[in-house]
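Report on the structure given below.
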Amino acid sequence: MAIERTLSIIKPDATRRNLTGKINAKFEEAGLRIVAQKRIKLSMEQAGKFYEVHKERPFYGELCEFMASEPVVVQVLEGEGAILKNREVMGATNPADAAPGTIRAEFAESVGENSVHGSDAPETAAQEIAYFFSGLELVG
Ligand code: ADP
Ligand code: MG
């Protein structure tokens, strides 16, 4: 399988509870390398644009308010099959359905406040990485 890059976000429920290091350890234990990372605070507009694909869903407003409520850590993860591997490490969207040992099973508070975001396909990974990082910030 090819080396891929995927966008990850450690969400406000996790930064608030000081879980950045514990979550990063899960990525590294799974063989994903954190090749870029920064802690930022999203505006409502920035959160809204990032999650535009969900704008017709009933939870869109709540999701954008949550993502803009406190700092997030945006990061690029790299590794063999990184997009799918990260989705496995994250676990299911709803922590009640997430497999034991996954980030969401261990740390998520609810289906909305579920600790991490991860890109779901090569096209979205490329778009989402470019949304937060310039080429100069991606040194591998
Ligand atoms: P994932 O993050 O697993 O890719 P989705 O892309 O379906 O999940 O949804 C994006 C985000 O929207 C979720 O991670 C979660 O924060 C929020 N969300 C999804 N479903 C719900 C829901 N039923 N109620 C509240 N928030 C939700
Ligand atoms: Mg998604």
Exercise. Quick one: if you stick a label point 7 Å off each Cα along the C-beta vector at ALA105 and GLN127, how many nm between them?
Worked result: 3.1
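Based on alpha-carbon atoms only, what is the radius of gyration of segment 71-140 relative to the globular estimate 2.2 N^0.38 Å?
Taking N as the residue count of segment 71-140, the ratio is 1.17.
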Problem set entry | Size of charge dipole - segment 43-140 - debye, nearest 20, with Cβ of Lys, Arg +1 and Asp, Glu -1, no other charges | 100
Problem set entry | Per-residue SASA entry for SER110, accessible area with 1.4 Å probe, Å² rounded to 10 | 50
Problem set entry | Accessible carbon and sulfur surface of segment 35-140 relative to its total accessible area, %, 1.4 Å | 54
Problem set entry | Inter-site label distance for MET44 and GLU62 at 7 Å from Cα along Cβ, in nm | 1.7
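Which order do peptides 52-62, 97-107, 74-84, 129-139 fall in by mean Cβ count within 10 Å, highest first? Mind dumping the intermediate values first?
Working: 52-62: 11.2, 97-107: 16.5, 74-84: 20.5, 129-139: 12.9.
The peptides rank, most packed first, as 74-84, 97-107, 129-139, 52-62.
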Problem set entry | aspartates and glutamates whose Cα lies under 13 Å from that of LYS38, excluding same-chain neighbours fewer than 8 positions away | GLU137
Exercise. Given the alpha-carbon gyration tensor of segment 1-73, what are the semi-axes of its equivalent ellipsoid in whole angstrom, ordered largest first, with each equal to the square root of 5 times an eigenvalue?
Worked result: 24, 16, 10
Exercise. Which whole number in µm²/s is D for segment 16-140 by Stokes-Einstein, with the Kirkwood Rh taken over Cα pairs at 20 °C and 1.002 mPa s?
Worked result: 142
Problem set entry | the chain: relative contact order in percent, alpha carbon pairs under 8 Å with at least 6 residues between | 37
For this session: Once you've got the Cα coordinates, tell me which of LYS11/LYS85; LYS11/LYS55; LYS22/LYS85; LYS26/LYS55 are over 25 Å apart.
Result: LYS26/LYS55
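The values are calculated or read from the model by the stated rules, or taken from the named source; none is laboratory data. The model shown is predicted, which means the values in this text are computed figures rather than measured ones. Don't worry about glycine lacking a Cβ; one is built from the backbone with ideal geometry, like all the others, and counts go over all protein chains shown. Only protein heavy atoms, including side chains, enter the accessible area calculation; ligands, DNA and RNA are left aside. Shrake-Rupley method; radii C 1.70, N 1.55, O 1.52, S 1.80 Å.
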